[in-house]
Amino acid sequence: MFYKTQEYQIQRITNFQAIIPLSINYLLQFCGCLSNLDLFNVPFTPSLSKADRFQYKTRTGALISLIIVILSIIYSIYILYQWLSFEFLAKVTQQSSIIENDRVIELENIDFKLYSWNKDTINPFDTKKNVLSPYLISNNNLSSYTSLYQFVNDDEYKFSPQLSLSYQSEFYILFQICNETGDYICASKDEIEQFFNQQGNEIWIFMNFKVVNPTSFKTETYTRYYTMSIDKNQCLTQRLQLQPYRFELSSSYFFNDFSYQYAYGDTIQQTYVNSLNYCSKTYQQKDVIGVVYFAVDQKLTVQKYQYPQIGEVFAQIGSIVSVLFVIQYIMIEFNRKYMIEELLSQLILQYYPEMSQYVVKKGVFGQIQKVIHKSKQIDIQSYKIFMKDVQSKLEIKLSYVNLLYEVSRMQFLLQTFMPRQNLYKSHALGIKVKYREEAKLHIILDNHTKSLSNEEMLASHNNQIDNQFYQQSDINILSLDQKEKADLLIEDQEMGNFPLDS
């Protein structure tokens, strides 16, 4: 029993040890796949030359870029200044709703004023010589009459009642020919008759309504008037249905912070002409010649004024800036054209080094005006034909597929002249890492080899050859930036100063 338990424990340990490498393998695979989710990958683009730093740029492109950036900054500052100065118009939206039944909105500064064509006009609202007596009736109690004589201004031929209305509370203002039963001191019959004989008697009703200035976010008042003719032989009824408005105002730069205001923004007018008998029966008063009915519409107009926020301003700036940057597509094509020309020029110099001695003078628009070689002027047409022919051949070398093809041909050429084993050994070739501190060590080793036997010195010499066959300076021995150094070495060799392999 003991051995079976021990074997079982050993088996568990063996299984656990087998699971650990498998888990690590899965973890490494997951970490390897995790990098595929990177949204900030950077594509590798080989540079045209060491100075270009993986990008080809031109002075013309830099000038256009500078102009675009300056215009963008100026426009951005201008838009932000307008925005901070509240010079932008607010976004206005309008919708309809139902007004609350108990919402009371005061009707501000309503004036009833007499208008007549006569110069010497009798004031019909004079409380001491009254011709027309105004009364107020509520729809909640049609039998209760309230005199409005306290709102009469005897000097200005008008009276100005103060009314607070809601959807459920509506009012009538009656104009009754003055009689002794009222609260007014009536004028004489002759004065009353003289008033009705005046030419063009009208009552003008001035009412104030509210609108919102979308720039300052403040309510402003405008006045509208309605006319009602006066005739003692008929009863004129004016129905004024007030349109309630709710103004929702937000002038915040960053967040919506609405304030709410209720006011009357408009009215619907309806005019009826009734007989004296009809008005007397309806309002249970004699000699009623005019009625103004004030009602509140149940439909509530909601106007929302919202100042543009910072995100919308940036969107506007971005849209204009993006239009300016449309020119980038033109400049990209421009730079691509000159990049290809630059590549071809470099390739021509590599295949025809003598071309570096040619001086080509061009005009403003790039046309060739003169070609000089060693103080001699070359025929421009012949130069153009030569360059066109060479460029057409070298354009093939700009193809990546062609580059791979030429590398494969070089491999086959190497295999033709070198054994396959030597090519395999090339994978082990490299430059030995050396530090500055090793220089002293090499001096000590050199002194030490002098005391060695011939066989030991030969083995040490072979090691030094293996280590020094490739030097750190060999990294760029075939690079383009070593061409100038190679030219100097060749020139010195030709002059006999020192050999090239030194």
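Miscellaneous remarks
- Annotation: of all residues in the range 200-244 being in a loop (DSSP other than H, G, I, E, B) and either among the charged types (D, E, K, R) or free of Cβ contacts under 8 Å to residues at least 60 places away in the same chain (or both), the one that is most open to solvent (accessible area, probe 1.4 Å) is Asn233.
- Output for the range 167-199, where each listed residue is of a type in the set (Val, Ile, Thr) and open to solvent by 50 Å² or more (accessible area, probe 1.4 Å): Thr181, Ile185
- Any hit, the range 229-237, residues being over 20 Å from Ser280 (Cα atoms) and small (Gly, Ala, Ser): no
- Positions within the range 141-166 being under 60 Å from the mean Cα position of the chain (by Cα), farther than 25 Å from Gln298 by Cα and open to solvent by less than 30 Å² (accessible area, probe 1.4 Å), in sequence order: Leu148, Val152, Phe159
- When Asp154, Asp102, Asp190 are checked against the criterion of being at pLDDT below 85, acidic (Asp, Glu) and farther than 24 Å from Thr223 by Cα, Asp102 stands alone in meeting it.
- Those residues of the range 100-126 which are more than 15 Å from Phe195 (Cα to Cα) and surrounded by 19 or more Cβ atoms within 10 Å (Cβ to Cβ), in sequence order: Ile105, Leu107, Ile110, Phe112
- Of the helices (runs of 4 or more DSSP H) lying entirely inside the range 315-424, those carrying at least 1 residues that are open to solvent by less than 80 Å² (accessible area, probe 1.4 Å) and either on the phi > 0 side of the Ramachandran plot or touching a strand residue (DSSP E or B) at 6+ places or on another chain (Cβ under 8 Å) (or both) are 380-394.
- Filter result for Gln303 (modelled with pLDDT of 85 or more, open to solvent by 60 Å² or more (accessible area, probe 1.4 Å) and either in contact with a Phe, Trp or Tyr (Cβ under 9 Å, 6 or more places away or on another chain) or more than 30 Å from Gln95 (Cβ to Cβ) (or both)): no
- Residue match in the range 87-97 (condition: surrounded by fewer than 16 Cβ atoms within 10 Å (Cβ to Cβ), more than 23 Å from Val321 (Cβ to Cβ) and more than 56 Å from the chain's Cα centre (by Cα)): no
- Pairs linking a residue in the range 59-78 that is over 20 Å from Arg336 (Cα atoms) and hydrophobic (A, V, I, L, M, F, W, C) to a residue that is in a helix (DSSP H, G or I) and at pLDDT below 85, with Cβ atoms under 7 Å and 6 or more positions apart or on different chains, are Leu71/Leu324.
- Test: Glu248 is over 24 Å from Tyr167 (Cβ atoms), among the acidic types (Asp, Glu) and in a strand (DSSP E or B): no
- Checking each residue in the range 251-302 for being of a type in the set (Ser, Thr, Tyr), closer than 30 Å to Ile192 by Cβ and part of a loop (DSSP other than H, G, I, E, B) picks out only Ser275.
- Only a single criterion out of (1) within 60 Å of the chain's Cα centre (by Cα); (2) without any contact (Cβ under 8 Å) to a residue 60 or more places away in the chain; (3) closer than 27 Å to Gly200 by Cα; (4) open to solvent by less than 50 Å² (accessible area, probe 1.4 Å) is not satisfied by Ser138, namely (3).
The values are calculated or read from the model by the stated rules, or taken from the named source; none is laboratory data. No experiment lies behind these values; they were computed from the predicted model shown. Cβ atoms come from the backbone with ideal geometry, glycine included; neighbour counts cover every protein chain shown. Ligands, DNA and RNA are excluded from the accessible area calculation, which covers all protein heavy atoms including side chains. Shrake-Rupley method; radii C 1.70, N 1.55, O 1.52, S 1.80 Å.
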